[in-house]
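Data first, discussion second: the structure below is written as structure tokens.
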Amino acid sequence: SIPAQPEQTVFEERHLRFISSLGKGNFGSVELCRYDPLGDNTGELVAVKKLQPNEKSTLEDFKKEVKILSIFECEYIVKYKGICYSTGRLSMSLVMEYLPHGNLIGYLNTYQHINTRRMLLFASQICKGMEYLQSLRYVHRDLAARNILVASESLVKIADFGLTKVIPFDKDYYRVMQPGESPIFWYAPESINESRFSHKSDVWSFGVVLHELFSYCNTNYNPKRVGGLTVTSLCFFHALSINWRLPAPSNCPPEVYGLMKQCWAYNFEERPCFSSLGKQIETIMQEERDNLKG
Ligand SMILES: CCS(=O)(=O)N1CC(CC#N)(n2cc(-c3nc(Nc4ccc(C(=O)OC(C)(C)C)cc4)nc4[nH]ccc34)cn2)C1
């Protein structure tokens with residue numbers, strides 16, 4: 001059995017009413033539920049992540065993910081609400097706030113009229129969330145538009161901490177033993193080549209999220225399939241090493257494409273930190289406001 005942690009809020013499984021499936025991944029799935037102890041449909045809507053037990057995902061890893069999310073307190077990170085033990089206490093679910101607009105990919109595909117100012121606002125919020133993560137020495141390792149959730153038309157949050165790791169105090173990177181599950185398209189060269197993850201590899205992924213934002217998550221830009229050929233990690237890695245990068249999305253301000261290219265510096269030491277990226281985004285946002293006034 002799993003000892004109840006004193007600070008955990010425990011939701012009773014019998015009051016969690018399944019409504020619909022919200023998302024699925026390798027190791028888990030997320031469901032929309034109503035926590036309705038009064039049984040009169042007045043209870044709150046919550047997002048419940050259930051572990052898909054298989055040989056790769058273990059309850060131990062899931063408990064680490066729960067622990068990580070439960071200590072975060074940041075308006076740009078999806079909020080932890082508590083846990084729910086399954087009958088027999090053989091497993092547990094993670095209960096989180098429900099964000100009604102889904103992830104950034106669906107949102108950008110639905111609302112194609114989002115202007116540059118709104119995209120910069122979203123970018124600055126993701127950057128602030130990543131700055132917060134970095135302040136606690138966590139690397140996300142799976143930063144991508146599919147893992148950014150939309151709370152409202154003016155607020156996005158970072159979600160899915162299933163691959164998040166804390167960097168040991170005596171290093172500035174984390175090396176994983178098992179090859180990553182994520183599509184290589186978001187991986188920095190050193191993550192593909194040496195399974196090396198750091199705040200600077202999260203910065204590389206942030207550059208890809210910027211590109212997804214400003215190309216409305218248009219998958220035609222993804223080099224996963226070039227002319228019908230599936231891009232393997234080796235040739236993608238080679239392309240990066242000879243300085244191939246994604247082209248600027250159409251209508252993307254040159255200063256924003258400049259930010260992407262900073263994030264995609266081959267040498268991770270040359271990439272900016274999230275606080276520098278945040279300041280540069282604020283400057284571009286101010287210039288946008290001045291242009292609008294002008
Ligand atoms: C990796 C394995 S995973 O299985 O653990 N998993 C997938 C994961 C990827 C990420 N991030 N995920 C999180 C949520 C999620 N969704 C939501 N709201 C919504 C609201 C609406 C919709 C939707 O489709 O609406 C339209 C309009 C019909 C398109 C979808 C989701 N609120 C949440 N709160 C906390 C989590 C969470 C969904 N998928 C994490």
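The values are calculated or read from the model by the stated rules, or taken from the named source; none is laboratory data. Bear in mind the structure is a predicted one, so any value in this text is a computation, not a measurement. Every residue, glycine among them, receives a Cβ derived from its backbone with ideal geometry; neighbour counts consider all protein chains shown. The accessibility values were calculated without ligands, DNA or RNA, using every heavy atom of the protein model including side chains. Shrake-Rupley method; radii C 1.70, N 1.55, O 1.52, S 1.80 Å.
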### Query
For the stretch 186-219, what are the residues that are among the aromatic types (Phe, Trp, Tyr) and more than 21 Å from LEU133 (Cβ to Cβ)?
PHE214, TYR216
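Scan GLU194, GLU131 and give me the residue that is in contact (Cβ under 8 Å) with a residue 60 or more places away in the chain, surrounded by fewer than 21 Cβ atoms within 10 Å (Cβ to Cβ) and farther than 14 Å from LEU104 by Cβ. If you could, list the steps in order and put the result at the bottom.
On the way: GLU194 fails: in contact (Cβ under 8 Å) with a residue 60 or more places away in the chain.
Unique residue meeting the criteria: GLU131.
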### Query
Taking the stretch 83-111 as the region of interest, how many residues are part of a loop (DSSP other than H, G, I, E, B) and open to solvent by 50 Å² or more (accessible area, probe 1.4 Å)?
5
### Task
Could you tell me whether the stretch 113-127 includes any residue that is open to solvent by less than 60 Å² (accessible area, probe 1.4 Å), within 15 Å of the ligand (Cβ to nearest atom) and within 22 Å of SER195 (Cα to Cα)?
no
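So, in the stretch 56-77, of the ones that are in a loop (DSSP other than H, G, I, E, B) and in contact with a helix residue (DSSP H, G or I) (Cβ under 9 Å, 6 or more places away or on another chain), which residue ends up most open to solvent (accessible area, probe 1.4 Å)?
Of the residues in the stretch 56-77, the ones in a loop (DSSP other than H, G, I, E, B) are 56-58, 72-76.
With the extra rule that they be in contact with a helix residue (DSSP H, G or I) (Cβ under 9 Å, 6 or more places away or on another chain), the set shrinks to 72-76.
Details: PHE72: 18, GLU73: 157, CYS74: 20, GLU75: 109, TYR76: 34 Å².
Only one residue fits best here, namely GLU73.
Where residues in the stretch 134-160 are in contact with a strand residue (DSSP E or B) (Cβ under 8 Å, 6 or more places away or on another chain) and open to solvent by 50 Å² or more (accessible area, probe 1.4 Å), which of them is nearest to the ligand (Cβ to nearest atom)? Spell out the reasoning first.
Kept after step one, since they are in contact with a strand residue (DSSP E or B) (Cβ under 8 Å, 6 or more places away or on another chain), are these residues of the stretch 134-160: 136-141, 143, 145-151, 156-159.
Retained after the next criterion (residues that are open to solvent by 50 Å² or more (accessible area, probe 1.4 Å)): 136-137, 146.
Details: LEU136: 19, ARG137: 22, ARG146: 6 Å.
Once the filter is applied, the top-ranked residue is ARG146.
I'm checking my understanding of the structure. Among residues of the stretch 1-31 that are in a loop (DSSP other than H, G, I, E, B) and modelled with pLDDT of 90 or more, which one is farthest from LYS67 (Cα to Cα)? Before you say what the answer is, go through the steps one by one.
Taking the stretch 1-31 first, the residues in a loop (DSSP other than H, G, I, E, B) are 1-9, 11-12, 25-27.
With the extra rule that they be modelled with pLDDT of 90 or more, the set shrinks to 9, 11-12.
Details: THR9: 12, PHE11: 16, GLU12: 19 Å.
Filtering the stretch 1-31 for residues that are in a loop (DSSP other than H, G, I, E, B) and modelled with pLDDT of 90 or more, the one farthest from LYS67 (Cα to Cα) comes out as GLU12.
I'd like the full set of residues that are in a helix (DSSP H, G or I) and of a type in the set (Gly, Ala, Ser), limited to the stretch 246-277.
Scanning the stretch 246-277 gives GLY258, SER275, SER276.
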#### Entry: Long-range neighbours under 6 Å by Cβ, at least six apart or interchain, first residue touching a residue at least 24 places away in the same chain (Cβ under 8 Å) within the stretch 90-102, second open to solvent by less than 60 Å² (accessible area, probe 1.4 Å) and within 6 Å of the ligand (Cβ to nearest atom)
LEU94/LYS49; MET96/ALA47; MET96/VAL78; TYR98/ALA47; LEU99/LEU149
### Task
Would you point out the residue of the stretch 17-55, among those that are more than 12 Å from the ligand (Cβ to nearest atom) and among the charged types (D, E, K, R), that is nearest to TYR138 (Cα to Cα)?
GLU55
## Note on the structure
If we ask which residues in the stretch 161-180 are within 22 Å of LEU210 (Cβ to Cβ) and either surrounded by fewer than 19 Cβ atoms within 10 Å (Cβ to Cβ) or of a type outside the set (A, V, I, L, M) (or both), their number turns out to be 3
### Qualifying position, being among the acidic types (Asp, Glu), part of a helix (DSSP H, G or I) and either farther than 30 Å from GLU287 by Cα or modelled with pLDDT of 90 or more (or both), among GLU181, GLU212
GLU212
### Query
Given the residues GLN280, GLN286, which is the only one that is in a helix (DSSP H, G or I) and open to solvent by 70 Å² or more (accessible area, probe 1.4 Å)?
GLN286
### Query
Do you know which residues across the stretch 34-43 are free of Cβ contacts under 8 Å to residues at least 24 places away in the same chain and in a strand (DSSP E or B)?
ARG34
### Query
Quick check, is TYR80 open to solvent by 60 Å² or more (accessible area, probe 1.4 Å), under 26 Å from GLU153 (Cβ atoms) and either within 12 Å of the ligand (Cβ to nearest atom) or hydrophobic (A, V, I, L, M, F, W, C) (or both)?
no
